[in-house]
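Each value in this text was obtained by applying a stated rule to the coordinates, not by laboratory testing. Since this is a predicted model, take the numbers as computed values, not measurements. Glycine also receives a Cβ, built like all others from the backbone with ideal geometry; neighbour counts cover every protein chain displayed.
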Amino acid sequence: MKHKGIIFALTFMFTFALLSCATPGSIQVESKWLDATATEQLVAMENGLLTSETLVSGYLARIERLDKNGPMLNSVLSLNPHALADAKALDDMRAKGELKGPLHGVVVLLKDNIESKELPTTAGSLALLNNHTYRDSPLVSQLRNAGAVILGKTNLSEWANFRSEKSSSGWSAVGGLTRNPHMLNRTACGSSSGSGVAIAAGLASLAVGTETNGSIICPSSMNGIVGFKPTVGLVSRSHIVPISPTQDTAGPMVRSVEDAALMVSVMAGVDPADPVTTYTNRPDSNTLAQSAISLADLRVGVVRWRQGEDADIIQLFDKTVTALNAAGATVVEISEHTQPDDFWKQSYFVLLAEFKTALNQYLLQSPASLPVSNLSELIGFNNTSVREMALFDQSIFLLSDNTQGMNDDNYAGALKTVRAATRENGIDALLTRNNVDVLIAPSNNPAFLIDAVYGDNAPNGYVGIGYMAAIAGYPHLTLPMGAVRDLPVGLSIIGGQWDDARVLAVGKSVQAILPSRIIPVFYTTRFDAPSLNKAAEPYK
């Protein structure tokens, strides 16, 4: 008798390929268009092969079938009730030869710490359940003005995974637990878990995530999609629930590097309310979607000192480096690097101090009627909620509340230490000392098991230098490099401050020599994989 999980997985592989429809007798759309990149969808709409209304209908049906039922991925937290009407209006404009912008008709999901006028912005917390501000964040306004349809909000690790040192990534009190579509018992990673899963499972054309330290890159890598964390300041952070004024940024989570470049070119912009966006040397947004850089003209720094010890990942990374070399790139091996002994302590303190100041400011300025107005009151609110405290504690909240925020006497010195270690003595030094254009490394280990006892528990730790790009505020792209033990693994491409266009252009060229995207098959565990489907049974 076949393993039950195999039947389950094969059933949904078959269902995934069927025509998608919102309701019986409604508009139908071929699943190939739901799984296509946004760039491909735009071409299809231009050629009359597809409409925005059919896309929205198809995605709504697939969300119902795969996210709310079936494997129950639980990645989409709320839906825009006007999405279908918005899509139809865009189709009517196209029929008249009118286009709002470069994203006209494609469908976008937003992480639910980003404000949009139709829906409340909860950050996954019951305290923000009614945080309906009736306003768009600047990045949402820009997406909407470019013609994108806002489909809804995605689940996330509550408070962007900055509440407990024993958290379970992908869980929020509002949204519950989001599951990895490749193996349902594996983490979707945090905090942009819902956005990563939704794009991997084909539930929208594009999604927006946010990152403070790894929250775009990790869920993108572990769900097998493309994620781009831009230079801090390229995209406005106004009306986004914050953690860190020095590290926070929003960014694309998509199915191709071309989509990431197009999307971030729309999202980028100067915002007087967010001073880090007003730097005079910021790049022209129009350059972000430029053509690819020839690999023959590229010098690549291969970061060996953070490749980890997993032999399968190293073999996959080696294969990628060999392919780059064969394509003409000059490969420079980088085997060692040092940083201050108290680096991790200081970097953690910076986040704790910044979170208290930034969150208190956000809560006070929200136009919604909220039950809390500062971090201390939020801690008290959670202590009265059985659901909020059911899975893990508030250890990070308590540590943050015990600081004096960004006015703490130790804050300025800690920020100076970690910025120097990741900027001039970190990524800048690695690039200049080795005379390379970009740095590459594995983005992370494969997804670890969901663990409701110990919380996030990565047995092989975390690899790559994404933490350096996060703390420095520098651009970081991850794209699928292949699979290890039936789980996706990403390749990171990292550059210097404001090198966003170069990182994206390199990513387009690298994408062309890497394996194609890994399509989720909804295994319940790895024992569902064909290579192991008899391994759990007695030998006969």
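The magnitude of the dipole of region 114-184, with charges of +1 and -1 set on the Cβ of Lys/Arg and Asp/Glu and taken from the Cα centre, is near 60 debye. Each Cα pair under 8 Å and six or more residues apart adds its sequence gap; the mean of these over the residue count of the chain is a relative contact order of 18 percent.
Near SER347, once Lys and Arg are set to +1 and Asp and Glu to -1 for all other residues with Cβ below 15 Å from its Cβ, the sum equals -3. The residues packed around HIS239, meaning those with a beta-carbon under 15 Å from its beta-carbon, carry a net charge of -1 if Lys and Arg are +1 and Asp and Glu are -1. Anisotropy class assigned to region 387-540 is oblate, per the alpha carbon gyration tensor with a/c at or over the 1.5 cut-off and a/b no larger than b/c. With neighbours defined as other Cβ atoms within 10 Å of a residue's Cβ, the residues TRP305, TRP498, TRP171 order from fewest to most as TRP305, TRP498, TRP171. Positive-end ranking of ILE63, THR478, THR249 along the dipole of the chain, with charges on Cβ about the Cα centre, is headed by ILE63. Overall form of region 124-201: oblate. Here a/c, set by the Cα gyration tensor axes a ≥ b ≥ c, is 1.5 or more, and a/b is not larger than b/c. When you restrict to C-alpha pairs under 8 Å that are six or more residues apart and normalise by the size of region 292-380, the relative contact order lands at 27 percent.
Does the chain classify as rounded, prolate or oblate by the C-alpha gyration tensor (a ≥ b ≥ c root eigenvalues; a/c under 1.5 gives rounded; else a/b over b/c gives prolate, otherwise oblate)? Judged from the Cα gyration tensor, the chain comes out rounded (a/c under 1.5).
Given the -39500 (n - 2.57) contribution per DSSP H run of 4+ residues, what per-residue ellipticity at 222 nm results for the chain, rounded to the nearest 500 deg cm²/dmol? List each step's numbers first, then the result.
Working: 18 runs with 181 residues, N = 540.
The helix contribution divided over the chain gives -10000 deg cm²/dmol.
Dipole orientation for the chain: of the candidates ILE293, PRO138, ILE513, ILE513 has the Cα lying most toward the positive pole (charges on Cβ; Lys, Arg +1; Asp, Glu -1). Computed over neighbours whose Cβ is under 10 Å from that of VAL463, the net charge equals -1, Lys and Arg +1, Asp and Glu -1.
Take PHE343, PHE522 and order them by how many other Cβ atoms sit within 10 Å, fewest up front.
PHE343, PHE522
Looking at region 104-229, the DSSP beta bridges with both ends there are about 25 percent antiparallel. Cβ crowding within 10 Å ranks LEU203, LEU110, LEU449, LEU363 as LEU449, LEU363, LEU203, LEU110, fewest other Cβ atoms first.
Pairs of Cα atoms nearer than 8 Å and 6+ residues apart set the relative contact order; for region 26-96 it is 32 percent. Think of each Lys and Arg Cβ as +1 and each Asp and Glu Cβ as -1; about the Cα centre, that makes the dipole of region 4-532 roughly 640 debye.
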